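Novice: If you scroll down you'll find the structure; I have some questions about it.
Here, each number is a calculation from the coordinates, and none is a lab measurement. No experiment lies behind these values; they were computed from the predicted model shown. Here the Cβ is made from the backbone with ideal geometry for all residues, glycine too, and neighbour counts use every protein chain on show.
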Amino acid sequence: MAPSTLLSTRAAALRRRPLRLGLAATLWLAGTWGVAAQDNAPLIDGVGAYTHSQIMRHRDDAEPGRREARPRARGQQAPARGGATLDSLDFAPRPAVSAALNAAFADSLTGRRPSLDSEVLRDIDDAFERHPQFRRLLAQQIGGDDRGRVLQALQSGRLQAQFGQRLQAHGYSARNFGDVLNAFMIYGWTLANDGARSDHDAAFSGLRARLADSLARGQKLTSMRPQQLQEAAELYGLVATLAGAAWQNARSPAERASVRDGMAAIGRTVGIDFRTVALRDGGFAPKR
């Protein structure tokens, strides 16, 4: 499908999709992000609102007279009425869901039309359309344009296990969408900022505490069903793992620039512009 056709089709789909979160709409329409409007579409309920709120509240912490109490760690935050806990974002992986997702992602990585109707995969596929070299670099890590080899690598579970081990090192779980989203943002920020390093342990803890606080306050991160949570979590994990490998195996500055630009594009689909924020102990904050 030609890029123009794909974009027009997606625009029509967005017009048909109901706006499911008034808070998210208010934040996006306020124009406080400095990101193109099409990159702020509410494709995942509340994710843009969540990332925006983390940045704004972290900035407030640093301003005299506007400091709020630091949220407690996971399991210690008592939810307010209507609130939830991090466990509400857990999901039980189903092999059939993984198999269908891997087949569709193999399509996307090798330049074919994905065989799965997933909003997150559509976002990723759109980023691949705008940054074809980024797609090729990710595919090269597991077979290039050979869909059979790519699918075999995805179905082997090796990449998923690698991502899960990285998360476990920080006390995170690959079976919790909130943990996966936070990890994806940290890894994405690192790649989008030329591999700049930060105190990842502190950032992982800080982002989890912020998310726990948001949920306890009654903020809704997503209305996705368990199958959709699994699809989104596994996709973000695969992209982060392949992008990290592409960065490490890059043969030129141009290839690393492609990885950086591609990850920045995907970051915008979850409501964060990696190039305008800094990663600190408490999470993300506007660059000074």
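Novice: In segment 181-286, with Lys and Arg counted as +1 and Asp and Glu as -1 at Cβ, which of these residues, Ala243, Ala278, Ser223, has the Cα nearest the positive end of the dipole, that is, farthest along it?
Specialist: Ser223
Novice: With θ taken as phi - 60° and the coefficients 6.51, -1.76 and 1.60, list the Karplus ³J(HN,Hα) couplings across segment 256-270 in order, rounded to whole Hz; mark glycine and proline as x.
Specialist: My calculation for segment 256-270 gives 5, 5, 5, 5, 4, 5, x, 5, 5, 5, 5, x, 5, 6, 9 Hz in order.
Novice: Consider just the alpha-carbon atoms of segment 77-158 and return their Rg together with their Dmax, both in angstrom.
Specialist: Taking only Cα atoms of segment 77-158, I get Rg and Dmax of 16.4, 52 Å.
Novice: OK, next. If each residue of separation counts as 0.36 nm, what is the full-extension length gain between Ala100 and Arg217 once their alpha-carbon separation is subtracted?
Specialist: On the way: separation 117, 0.36 × 117 = 42.12 nm, distance 3.54 nm.
Extra length from Ala100 to Arg217 when fully extended: 38.6 nm.
Novice: Ratio of Rg to Rh for segment 112-220, alpha carbon only, Kirkwood?
Specialist: 1.00
Novice: Also, quick follow-up: Convert each backbone phi in segment 154-165 into a coupling constant with the Karplus relation 6.51 cos²θ - 1.76 cosθ + 1.60 (shift: θ = phi - 60°), then list the ³J(HN,Hα) values in order as whole Hz, x for Gly and Pro.
Specialist: So the Karplus estimates, Gly and Pro as x, are 5, 6, 5, x, 5, 5, 5, 5, 4, 5, x, 5 Hz.
Novice: Here is a further query. With θ taken as phi - 60° and the coefficients 6.51, -1.76 and 1.60, list the Karplus ³J(HN,Hα) couplings across segment 236-246 in order, rounded to whole Hz; mark glycine and proline as x.
Specialist: Values, residue by residue: 4, x, 5, 4, 4, 5, 5, 5, x, 5, 5 Hz.
Novice: Right, something else. Give the shape of segment 151-210 as rounded, prolate or oblate, defined through the alpha-carbon gyration tensor: a ≥ b ≥ c are the square roots of its eigenvalues, a/c under 1.5 means rounded, and otherwise the shape is prolate if a/b is larger than b/c and oblate if not.
Specialist: oblate
Novice: Something else about it: To the nearest whole percent, what portion of all C-alpha pairs in segment 165-288 is separated by more than 16 angstrom?
Specialist: Value for segment 165-288: 62 percent of Cα pairs lie more than 16 Å apart.
Novice: Taking amide H positions as placed 1.01 Å from N in the peptide plane, with prolines and chain starts having none, which residues 5 or more places from Gly283, or on another chain, fall under 5 Å of its amide H?
Specialist: Here the answer is none, since no amide H 5 or more places off falls under 5 Å of that of Gly283.
Novice: Find how much the distance from Ala196 to Gln165 grows on full extension, using 0.36 nm per residue of separation minus their present alpha carbon separation; answer in nm with one decimal.
Specialist: That works out to 9.0 nm of additional length.
Novice: Whose amide H sits under 5 Å from the amide H of Val277, counting only residues 5 or more places off or on another chain, with H placed in the peptide plane?
Specialist: Placed amide hydrogens put Lys287 under 5 Å from Val277.
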